[in-house]
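Chemist: Handing you a structure now.
Taken together, the values in this text are just the output of simple stated rules run on the coordinates, not laboratory data. Being a predicted model, the structure only gives us computed values, none of them experimental. Here Cβ is always computed from backbone atoms with ideal geometry, including for glycine, and neighbour counts include all displayed protein chains.
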Amino acid sequence: MANIQEKIAKLFPEASFEEADTLTITIPDAKWHDLAKTLRDDAELAFDYLVTIVGMDWKDSLGCIYYLDSTKHNTHIAVKVIATGDRETPYIHSISDLYAIGCIYEREVYDFFGIIFIGNPDMRRLFLSIDWKGFPLRKDYDMDPNINPVPLESERQSDFTQMYVEDADGKIVKEEKRVFVENDFVVNIGPQHPATHGVLRFRTAVDGETIKKIDVYMGYIHRGVEKICEMDTYFQTLHFMDRLDYFSAHPYHHCLCMCIEKAANIEVPRRAQVIRVIMDELSRIASHCLFIGTFCMDLGATTMLFYTLRVREQILDIMDKTCGARMTFNYETIGGVIADLDPDFVKDVKALLEVLPKNIKEYNKLFTGNVITRNRMEGVGVLSREDAISWAITGPSGRGSGWACDIRKTAPYAVYDEVEFDEVVRTEGDSMARFKVRMDEMEQSARIIAQLIDKIPEGDIQAKVPKVLRLPEGRWYQTVEGCRGAFGIYIESDGGTSPYRLKIAPPCLPLAAVVDHLTEGSKIADLITIGGSLDYIVPDMDR
Amino acid sequence: MQDFSELTAFIHSLLMQFLPHWAAVTVECVIIAVCLLLAYSLLALFYIWFERKVCAAFQCRLGPNRVGPWGLLQSVADMFKILIKELISLKYTDKFLFALAPYLVILASMLGFAVLPWGNGLQIIDFNIGIFFLIACSSIGVLGILLAGWSSNNKFTLIGALRSGAQMVSYELSVGLSILTMVAFAGSMSIGDIVNAQANGWFIFTGHVPAVIAFVIYLIAGTAETNRGPFDLPEAESELTAGYHTEYSGIHFGFFYLAEYLNLFIVAGVAALMFFGGWMPFHINGWDGFNHVMDYIPSVVWFIGKAIALSFIIIWFKWTFPRLRIDQLLALEWKYLLPINLVNLVLMVCCIVYGWHF
């Protein structure tokens, strides 16, 4: 860390440093693009993975905090950039030319904070409708429902997008350009469509059966979780984590709890740690089972769905007994877990571990080796390792492209450093690799559970936590390995009982963003294969 | 073996006693039409129930089990529901073609029924180009699907229709060629002759290797002809919502739905006719007792039983395999099935000329 600081201080004397949770560099906007380029391209720094962009409103100024990781050195860094210009039109230079995922992240910040990114080729709103008034995550946003009434007619839609560029005099000019080429045959896939796994919309320009371009529209289930969290106490914020990735809620809960615990310096009892890990891994198996089922169904093999749901059902029953719910558990809480394990828990989990290998074998026999399956999946939607990093494709999808990005290995949390398991990495990068990674991960998850299930220590399930929790002033960032990729929580506190800003960095947003890149030139049927193999889930990206 | 032509001849002579010739023929036509429609709807209802039960068994479920014994009346209830549903008319569609399309589709499958050999002497019309007529009129169905896709004014249906056009036109070649192989073997296109030629052994056994190859190709191409999985691209649910019939409702949708199942029956029926002896019972040379017992089973049961057994295989395909992609589908036909088929035809001709068959 120290030499990163020295190096940057030498190159950019304007930069100031702050040693917080992560090393934070503050840099004026004018130098930001140069710094980003250095951070990415310098071999010693090699910050090639843009984790997230946190938009911020500090009341007197607007700005962004960029979280960057180096996949080579496994180092983390945060960069704080304050927007120039007035509150009406704040500007920051775009880094979408350096990080492919930057474009979507910047659109998100623009949508919520109104910060305009100079040089971003697509400065439209991302989640909110095109005519939305105001920027909701600003602290002075007016929530009066009369300003943005529920629309009773179809919303306006535009074929144009804006781009802001600096001309020779340094003046910022707005340019309009078309999203599609004129007279393209544009098919509207979604928001209500069997294969989009929720309400996601792809406007797809096709030439016959061949896809030319896809424009992703999100936000159909945008609920403003981040905004609601700012008005809630820390305990209340927990509930929303169930409603993001509702197929595997445990890791998300785990993440928010860890972030708050880190900030409040709470020591979690070991029993709770182990229970959390077991729950995370059970979630992972359930989630991957569902992935396999729905993915096969998308490809037309409906029968597989029932075979995979059988295992998932068994897991949901285990969850039901202990957590009291099948999908929205609300089980992890700050300082531990909310209730002790069911007396049958160990027995049920062991029964599951017994049937799982047989089932996985059956899935492979039924589906993986099938010649039609292989034709549909092999070589379809190939994502290279460089692209995966640039598009921030984490989780099983990233590992299918040869990027070892498992947070359980790169930054072990809870008791993951005490258990033995392999990180499943494949190098093909196609849909088949993404599918097989998940298949193998189920086995690894079972291995983790098998190591822990007999060794759940006795003791408390919860640490003593004050009823009214106040976090000290500061900011924290925590990531966990969700079932679909790296899930991050950023909390900034002003010392009050509710977060000043709570940013959720979901794994599915990049997964949906990359669809256009992967599908270009392939067939309509490949869109379904690629979308299915990426396994995004819409409430997670929309929040 | 009971000959149904005695029954039909009896009805004919009975009518002739009371009516002039033209009236007798008219009455007979009406009776045939009623029987045909009845058979058509009953078979469709059975098939819907059958497929749901089979698919449920594959998927570790029970399937329909609430309406009637073993859920037998479920498909009757479903059909009733479809009948009373509203026909939603859409703006900006070609109203005439939109309404015409489902009738064309159902017409094609009904015409196919006319020449199927239901039993010994139980065939509506047996003319010298029977099998050719069947292939010809089943092609009308494509027209209906294309019209449905085009007139709906919807991009999904249009893509579905285009896929369907490409698929049906391609696979008709394979169906036609594999049937041609067997026609060459039988030496006749008349359905009665084809069935009678199999009195001493079904073609699948007597036709040597080329007959088996022709059967496999026919089964694959026939599955594709009926737009069923793994070749259900025109209505690929996860891609095109419902393909060419997305915009249809009520009984218009019901027609597409029925036609799909009846086409399944026709494809299986033709397979039974060309390879498994139509209504001919299963005979083994020399086993007279056995053959005698087999003869006691009515010919109608033989034919329908064979057709259902063969459609079970096609249903099995659907609930096992994932769907192909359009380019893979066309590659399969043009690069593999068609050349194999042509070679197979030559092989069959050699078999016939040199008398290699059994």
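Chemist: Within the group A:Asp207, A:Asp159, which residue is free of Cβ contacts under 8 Å to residues at least 60 places away in the same chain, of a type outside the set (Val, Ile, Thr), within 14 Å of chain B (Cβ to nearest Cβ) and farther than 30 Å from A:Ser287 by Cα?
Modeler: On the way: A:Asp159 fails: within 14 Å of chain B (Cβ to nearest Cβ).
The conditions single out A:Asp207.
Chemist: Follow-up. Among B:Gly160, B:Gly222, which is more than 14 Å from chain A (Cβ to nearest Cβ) and in a helix (DSSP H, G or I)?
Modeler: B:Gly222
Chemist: Would region B:324-334 turn up any residue that is closer than 28 Å to B:Lys53 by Cα, free of Cβ contacts under 8 Å to residues at least 12 places away in the same chain and assigned to a helix (DSSP H, G or I)?
Modeler: No, region B:324-334 has no match at all.
Chemist: Next question. So how many residues does region A:224-259 have that are more than 16 Å from the chain's Cα centre (by Cα) and either within 14 Å of chain B (Cβ to nearest Cβ) or more than 20 Å from A:Tyr331 (Cβ to Cβ) (or both)?
Modeler: 4
Chemist: Next up: Can you list residue pairs whose Cβ atoms sit under 9 Å apart, with the first residue in region B:306-317 being buried (at least 19 other Cβ atoms within 10 Å of the Cβ) and the second being acidic (Asp, Glu)? Count only pairs 6 or more apart in sequence or on different chains.
Modeler: Once the first residue is buried (at least 19 other Cβ atoms within 10 Å of the Cβ) and sits in region B:306-317, its partners that are acidic (Asp, Glu) give B:Ser311/B:Glu51; B:Ile315/B:Glu51.
Chemist: Restricting region A:287-303 to residues that are buried (at least 24 other Cβ atoms within 10 Å of the Cβ) and among the aliphatic types (A, V, I, L, M), which is farthest from the other protein chains (Cβ to nearest Cβ)?
Modeler: Among those that are buried (at least 24 other Cβ atoms within 10 Å of the Cβ) and among the aliphatic types (A, V, I, L, M), it is A:Ile292.
Chemist: In this structure, does A:Leu316 turn out to be within 14 Å of chain B (Cβ to nearest Cβ), of a type outside the set (Asp, Glu), part of a helix (DSSP H, G or I) and free of Cβ contacts under 8 Å to residues at least 60 places away in the same chain?
Modeler: Details: within 14 Å of chain B (Cβ to nearest Cβ): no; of a type outside the set (Asp, Glu): yes; part of a helix (DSSP H, G or I): yes; free of Cβ contacts under 8 Å to residues at least 60 places away in the same chain: yes.
No: the conditions fail for A:Leu316.
Chemist: Please specify each residue of region A:395-412 satisfying the condition of being under 12 Å from A:Ala486 (Cβ atoms) and either part of a loop (DSSP other than H, G, I, E, B) or touching a residue at least 60 places away in the same chain (Cβ under 8 Å) (or both).
Modeler: Once the filter is applied, which keeps residues that are under 12 Å from A:Ala486 (Cβ atoms) and either part of a loop (DSSP other than H, G, I, E, B) or touching a residue at least 60 places away in the same chain (Cβ under 8 Å) (or both), region A:395-412 yields A:Gly395, A:Pro396, A:Ser397, A:Gly398, A:Trp403, A:Cys405, A:Asp406, A:Ile407, A:Arg408, A:Thr410, A:Ala411.
Chemist: If a residue must be closer than 18 Å to A:Pro457 by Cβ and either within 13 Å of another protein chain (Cβ to nearest Cβ) or among the acidic types (Asp, Glu) (or both), how many such residues does region A:334-379 contain?
Modeler: 2
Chemist: If you don't mind, another one. Which pairs turn up if I take residues in region A:519-537 that are touching a residue at least 12 places away in the same chain (Cβ under 8 Å) and within 14 Å of another protein chain (Cβ to nearest Cβ) and look for partners that are among the basic types (Lys, Arg) and in a helix (DSSP H, G or I) with beta carbon separation below 7 Å, at least 6 apart in sequence or on another chain?
Modeler: A:Thr529/A:Arg376; A:Ser533/A:Arg434
Chemist: Kindly indicate whether any position in region B:293-301 is more than 25 Å from B:Phe113 (Cα to Cα), within 14 Å of chain A (Cβ to nearest Cβ), assigned to a helix (DSSP H, G or I) and in contact (Cβ under 8 Å) with a residue 12 or more places away in the chain.
Modeler: Scanning region B:293-301, I find no residue that is more than 25 Å from B:Phe113 (Cα to Cα), within 14 Å of chain A (Cβ to nearest Cβ), assigned to a helix (DSSP H, G or I) and in contact (Cβ under 8 Å) with a residue 12 or more places away in the chain, so the answer is no.
A quick yes/no check of all residues on (1) surrounded by 16 or more Cβ atoms within 10 Å (Cβ to Cβ); (2) among the aliphatic types (A, V, I, L, M):
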position: B:Leu43; (1), (2): yes, yes
position: B:Tyr47; (1), (2): yes, no
position: B:Glu51; (1), (2): yes, no
position: B:Ala56; (1), (2): yes, yes
position: B:Gln59; (1), (2): yes, no
position: B:Asn65; (1), (2): no, no
position: B:Pro69; (1), (2): no, no
position: B:Ser75; (1), (2): yes, no
position: B:Met79; (1), (2): yes, yes
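Chemist: Among the residues of region B:23-31, are any touching a residue at least 40 places away in the same chain (Cβ under 8 Å), among the aliphatic types (A, V, I, L, M), in a helix (DSSP H, G or I) and closer than 27 Å to B:Ala259 by Cα? Working first, answer last.
Modeler: Taking region B:23-31 and keeping what is touching a residue at least 40 places away in the same chain (Cβ under 8 Å), we get none.
Checking region B:23-31: not a single residue is touching a residue at least 40 places away in the same chain (Cβ under 8 Å), among the aliphatic types (A, V, I, L, M), in a helix (DSSP H, G or I) and closer than 27 Å to B:Ala259 by Cα.
Chemist: Return yes when B:Phe276 is in contact with a Lys or Arg (Cβ under 8 Å, 6 or more places away or on another chain) and either buried (at least 20 other Cβ atoms within 10 Å of the Cβ) or in contact (Cβ under 8 Å) with a residue 40 or more places away in the chain (or both) and no when it is not.
Modeler: Values: in contact with a Lys or Arg (Cβ under 8 Å, 6 or more places away or on another chain): yes; either buried (at least 20 other Cβ atoms within 10 Å of the Cβ) or in contact (Cβ under 8 Å) with a residue 40 or more places away in the chain (or both): yes.
For B:Phe276, the condition - in contact with a Lys or Arg (Cβ under 8 Å, 6 or more places away or on another chain) and either buried (at least 20 other Cβ atoms within 10 Å of the Cβ) or in contact (Cβ under 8 Å) with a residue 40 or more places away in the chain (or both) - is met.
Chemist: Is it the case that A:Gly488 is of a type in the set (Gly, Ala, Ser), in a strand (DSSP E or B) and touching a residue at least 12 places away in the same chain (Cβ under 8 Å)?
Modeler: Values: of a type in the set (Gly, Ala, Ser): yes; in a strand (DSSP E or B): yes; touching a residue at least 12 places away in the same chain (Cβ under 8 Å): yes.
Judged against the criteria, A:Gly488 is a match.
Chemist: Taking the conditions exactly as written (surrounded by 20 or more Cβ atoms within 10 Å (Cβ to Cβ) and among the aliphatic types (A, V, I, L, M)), does B:Leu100 satisfy them or not?
Modeler: Numbers: surrounded by 20 or more Cβ atoms within 10 Å (Cβ to Cβ): no; among the aliphatic types (A, V, I, L, M): yes.
No: the conditions fail for B:Leu100.
Chemist: Okay, moving on. Could you tell me how many of the residues in region B:45-93 are of a type in the set (S, T, N, Q), part of a helix (DSSP H, G or I) and within 14 Å of chain A (Cβ to nearest Cβ)?
Modeler: Within region B:45-93, the subset of a type in the set (S, T, N, Q) is B:59, B:65, B:74-75, B:89, B:93.
Within this subset, residues satisfying the condition of being part of a helix (DSSP H, G or I) are B:74-75.
Checking the rest, the ones that are also within 14 Å of chain A (Cβ to nearest Cβ) come to none.
Number of matching residues: 0.
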